[in-house]
Amino acid sequence: MLNQANVGQIAEHLTVCDTDFVPPLSDRVQINNYSQKLAINATRFEAWSAGSLAGLVAAYCNSQVIDTTYISSVSVNKTWRGRGIAESLLRQCIEYSITSGMHKIYLQVGHGNSPAIHLYKKAGFAQNSSDEAFITMVLYLNSGG
């Protein structure tokens, strides 16, 4: 894990990937503000290519009470898709969560985002709950679940 992207680089990456989120990320957050929150507060797993942020997994690890990681964002620039970047970054996040003593990882994914749902199921996540727009998925890491 190497947190090297600055706020501007994160914002640029998320803007490029905006419409790949279901629903689009910009429909839910102000990308510049969200990028600042990720840069300051999130544990980030990044993939770089040709000087640009190609892939990003941003997560929050809460060890104070609940020993839970929440993955806030998973994105890969279209140019770099199909090369295992999302899978690799997700695996790094899972390993980091395990070594940090987390018991489970949660994430939300839009119902219509079949490629992401497939990726998460392949990584061992299972549906936990659902609402009109999103599926909440969980991965139990050890006996804490």
With a 10 Å radius around each residue's Cβ, average the other Cβ atoms per peptide and rank 127-137, 5-15, highest first. 5-15, 127-137
Would you mind pulling out the separation of the Cα centroids of the stretch 102-145 and the stretch 65-85, in Å? 12
Dipole of the chain, Cα-centred, from +1 at each Lys and Arg C-beta and -1 at each Asp and Glu C-beta, to the nearest 20 debye? 280
Taking the alpha-carbon distance from Lys78 and a cut-off under 22 Å, which lysines remain once sequence neighbours fewer than 8 residues away in the same chain are dropped? Lys121, Lys122
Ranked from highest to lowest mean number of other Cβ atoms within 10 Å per residue, what is the order of the peptides 105-112, 28-35? 105-112, 28-35
Summing -39500 (n - 2.57) over every DSSP H run of at least 4 residues in the chain and dividing by its residue count gives a helix-only mean residue ellipticity at 222 nm, to the nearest 500 deg cm²/dmol, of -9500 deg cm²/dmol
Listed residues Val22, Val76, Val57, most fluctuating in the chain (Gaussian network, C-alpha, under 10 Å): Val22
Ala126 and Thr99 label points (each 7 Å along its Cα→Cβ direction) are spaced in nm at 2.8
If you build a Gaussian network model of the chain, linking Cα atoms that sit under 10 Å apart, which residue out of Leu119, Leu56, Leu38 swings the most? Leu119
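I need the per residue convex hull volume for the stretch 1-136, using only the alpha carbons, in cubic angstrom as a whole number.
That works out to 108 Å³ per residue.
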For the chain: accessible area per residue (Å², 1.4 Å): 52
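The values are calculated or read from the model by the stated rules, or taken from the named source; none is laboratory data. Computed from a prediction, not measured in an experiment: that's the story for all the values here. Here Cβ is always computed from backbone atoms with ideal geometry, including for glycine, and neighbour counts include all displayed protein chains. When the accessible area is computed, the model is the full protein with side chains, heavy atoms only, and any ligands, DNA or RNA have been set aside. Shrake-Rupley method; radii C 1.70, N 1.55, O 1.52, S 1.80 Å.
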